[in-house]
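Participant: Encoded as structure tokens, here's the structure I'll be asking about.
The values are calculated or read from the model by the stated rules, or taken from the named source; none is laboratory data. Just so it is clear, the model here is predicted, and its values are computed rather than measured. Here the Cβ positions follow ideal geometry from the backbone for every residue, glycine too, while neighbour counts run over all protein chains shown.
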């Protein structure tokens, strides 16, 4: 039994409040229950402790003036929150490290949970793949199905630093499985990546010597296509809008300032 101090004055503890609409009296979910749901969703979102402070509202403070593309990226993030779920097109935030990609992704999650009670989950790419790989161990209690269930079922999935693990046949198959399942279920993804949105490296050219090919590849930066495969890069183009972010590593600037 609740004591009086715990009972919501709007709904008297029922979870429903009376509202007037066009002269008619109706009931709707009380704000207290919406706040409780938002707290539960926030707790289940898996936002890492390192990023718990991130908000869209303080992005300007952290990254102000670093590069014009950052302001455009913030506008895109705010527009995404405003339009969701009417427009469920996802986002791919690509750019160098320390340019605020994860900050924006976490800020979006928090806004959607607080304002719209959207079920969002954050996964770091390498951690997710390692969890799945660990499930194959004989003594591991967690199964691949159990790990992937929230990945597939959540309304909005954030995958941070996609491409952070070198591409293998298994990695490409797993990324394809995750993205294709959400694509078929019409569920939204937000992706961050440090790799440029370009195709995978071309294969050995006709007449090119193997040694020269290796030199050419060694001098070439890896692309998103290299890291997740061109087929899944193409799938992301169907699912998401690509937002390119440029600028210096702001985290490095803060670290340098702290050592002065």
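Participant: Residue under question is residue 159, and the condition is that it be crowded, with 19+ Cβ neighbours inside 10 Å, within 21 Å of residue 226 (Cα to Cα), touching a strand residue (DSSP E or B) at 6+ places or on another chain (Cβ under 6 Å) and modelled with pLDDT of 95 or more; does it hold?
Facilitator: In short, yes.
Participant: With (1) under 15 Å from residue 132 (Cα atoms); (2) in contact with a strand residue (DSSP E or B) (Cβ under 8 Å, 6 or more places away or on another chain); (3) part of a loop (DSSP other than H, G, I, E, B) as the list, and residue 165 as the residue in question, which single condition is left unmet?
Facilitator: Here residue 165 meets the rest and fails (2).
Participant: Among what's in the range 235-248 and is out of contact with any helix residue (DSSP H, G or I) (no Cβ under 9 Å at 6 or more places or on another chain) and surrounded by fewer than 17 Cβ atoms within 10 Å (Cβ to Cβ), pick the residue that is modelled with the highest pLDDT.
Facilitator: Initial filter on the range 235-248 (out of contact with any helix residue (DSSP H, G or I) (no Cβ under 9 Å at 6 or more places or on another chain)): 237, 240, 248.
Retained after the next criterion (residues that are surrounded by fewer than 17 Cβ atoms within 10 Å (Cβ to Cβ)): 237, 248.
Details: 237: 97, 248: 84.
Top of the filtered list is 237.
Participant: From the list 200, 142, which residue is assigned to a loop (DSSP other than H, G, I, E, B) and in contact with a strand residue (DSSP E or B) (Cβ under 7 Å, 6 or more places away or on another chain)? It would help to see each step written out before you state the result.
Facilitator: Values: 142 fails: in contact with a strand residue (DSSP E or B) (Cβ under 7 Å, 6 or more places away or on another chain).
Of the residues listed, the single one that is assigned to a loop (DSSP other than H, G, I, E, B) and in contact with a strand residue (DSSP E or B) (Cβ under 7 Å, 6 or more places away or on another chain) is 200.
Participant: May I ask you to list the residues in the range 111-122 that are more than 15 Å from residue 90 (Cα to Cα) and surrounded by 22 or more Cβ atoms within 10 Å (Cβ to Cβ)?
Facilitator: Residue satisfying the conditions is 113 alone.
Residues are listed down the side, and each one gets a yes or a no for (1) in a strand (DSSP E or B); (2) more than 26 Å from residue 235 (Cβ to Cβ); (3) at pLDDT 95 or above:
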residue: 70; (1), (2), (3): no, yes, no
residue: 79; (1), (2), (3): no, no, yes
residue: 92; (1), (2), (3): yes, no, yes
residue: 115; (1), (2), (3): no, yes, no
residue: 129; (1), (2), (3): no, no, yes
